[in-house]
1. For an R0 of 60 angstrom, estimate the FRET efficiency from the Cβ-Cβ distance between A25 and K340 and round to the nearest 0.05.
2. What nm distance separates the two modelled labels at K187 and W398, each placed 7 Å from Cα along Cα→Cβ?
3. Sort W354, W261, W130 from largest to smallest accessible area, using a 1.4 Å probe on the heavy atoms of the protein chains.
4. Set the Förster distance to 22 Å, then compute FRET efficiency between R252 and R295 from the Cβ-Cβ distance, nearest 0.05.
5. Run down the lysines and flag those whose C-alpha is under 21 Å from the C-alpha of K222, throwing out any fewer than 8 positions away in its chain.
6. If the chain between N132 and L406 were fully stretched, how many nm would it gain, using 0.36 nm times the residue separation less the Cα-Cα distance?
7. Placing +1 on the Cβ of each Lys and Arg and -1 on the Cβ of each Asp and Glu in the chain, which of W235, F307, I365 has its Cα farthest towards the positive end of the resulting dipole?
8. Can you bin segment 63-166 into rounded, prolate or oblate? Criterion: square roots of the alpha carbon gyration tensor eigenvalues sorted a ≥ b ≥ c, rounded for a/c under 1.5, prolate for a/b above b/c, oblate for the rest.
Amino acid sequence: MAYIETKERRGGDTTFVVRWRSAGARNGKRESESFDDLPSAEKFRDLVKAHGEHWPPGWTRGHGFVADRRRKETMFEPFALAYVDRLTGIQGDTRSKYKTRIRANMTPWFGPYSVEDGEGSIRREMVQDWVNDLEAGRLAPLDPSDRKPRTKYRPKTIQNEHGLLFSILQAAVDAEPSLRASNPCAKTRLPRLDGAEDEEEMVFLEREEWAWIYECLSDDAKDLGEAIAETGFRWGEATALQPRDLRRRNGRPAIRVQRAWKKDENGKSILGAPKTRKARRTVVITHKLDRMLRRRAKGLAPNALIFTGPEGGKWDPGTFRRLRWLPAIELAAEKYGLLKRPRIHDLRHSHASWLIAAKVPLPAIQGRLGHESITTTVDRYGHLLDALDDEVMAAVEWAMDPTAQLPGMLPGPILTSATDQVSLPQQRSAAGPITV
């Protein structure tokens, strides 16, 4: 493997020589490159190792990478971070997360390279090697030797990382003037994504299972849990509710979702607009939930928080999970044999599954959950629709027989829009009846 040899010159100066055998073979050709400083020698040694004990592509012996192809602003990390800074329509914490992913999962591989075509450019085989390294959990070429092992990434995570890299390099293709002719990510072979992977990430609670968890929640957490379970709100939406958000719609109690907790680029929690345009919505609720929310809102300023943590400020999601949610899950497992291990966000998924089980149309569920596109709703919950096979076949048979009456497949009133009434489990006692 490539190594560094330190040599003293006659004049007293030190030279650092990187030596290796081509392809790492014992009988391979001896190769070497000299440097005046140790950091440069170490970087070059790591590049040689990263390319299978070969000269790094685009490196000219004695000269390095061609200077006009390695402009500072088109080196990978500066270009990638500038690309993220130019993105519009994303939240501050999303921008920060993109930059973190670039520095942690891309720069250690692509940092010494340019996004421009030519000498020292990122090439297709380098992208494929990067994907393979992420899948295997191998260290990056520029990782320090004493770094702890990297995590083996799941196929979906690798697809997400590859998608971000693709967008960065496509920006180089689309630049005016163009920096490169093609995107080296275009034909990468990605790990196969198991179709059930997304499904496995979501936990759908039966109504009885949620009733068990509700009973096991501490008293100061029950109301918040009930609000999320009945509305399907995201955590950041539910914990941002204020008295002025309690409304009436067509004579029914409702909640206007117009703000949510998010983080700025420095990681500080701030109140801002909901996740997407359609996330700003009005959701009807039961009279029971309305009474609970108005009881909590009584005496509060219009812009005060309805749900607050133990010290009176906003609920920290980590604190709620550690001190309220997980203990309730463990207690429900002990008392009632709960086998599932849902996250708090799984109350949102469970809410959607309850609506589907009640034959609520997907467009109504889309509106209630605030999905920007019906495609999101279908992709996320479409696999639950096989529970409606009998109703589908009854409708088909009715359509094929002009003399048949419309089948009574929907015995009770159902939601026809996102603002219709829905009844979810009444949280009293897990041992008692549950009203739907």
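The values are calculated or read from the model by the stated rules, or taken from the named source; none is laboratory data. Computed from a predicted structure; not experimentally measured. Positions of Cβ are generated from backbone atoms using ideal geometry, with glycine treated the same way; all protein chains shown enter the neighbour counts. To get the accessible areas, we keep the full protein, side chains included, count just its heavy atoms, and leave off ligands, DNA and RNA. Shrake-Rupley method; radii C 1.70, N 1.55, O 1.52, S 1.80 Å.
1. Details: r = 54 Å, r/R0 = 0.90.
So, using R0 = 60 Å, E works out to roughly 0.65.
2. Once both label points are built, they end up 5.3 nm from each other.
3. Output order, biggest surface exposure first: W261, W354, W130.
4. 0.75
5. Counting by Cα, and skipping residues close in sequence, K222 has these lysines nearby: K288, K298, K314, K335, K340.
6. Additional length available on full extension: 93.1 nm.
7. Looking along the dipole axis, the top candidate is F307.
8. Oblate is the answer for segment 63-166, as a/c is 1.5 or above yet b/c matches or exceeds a/b.
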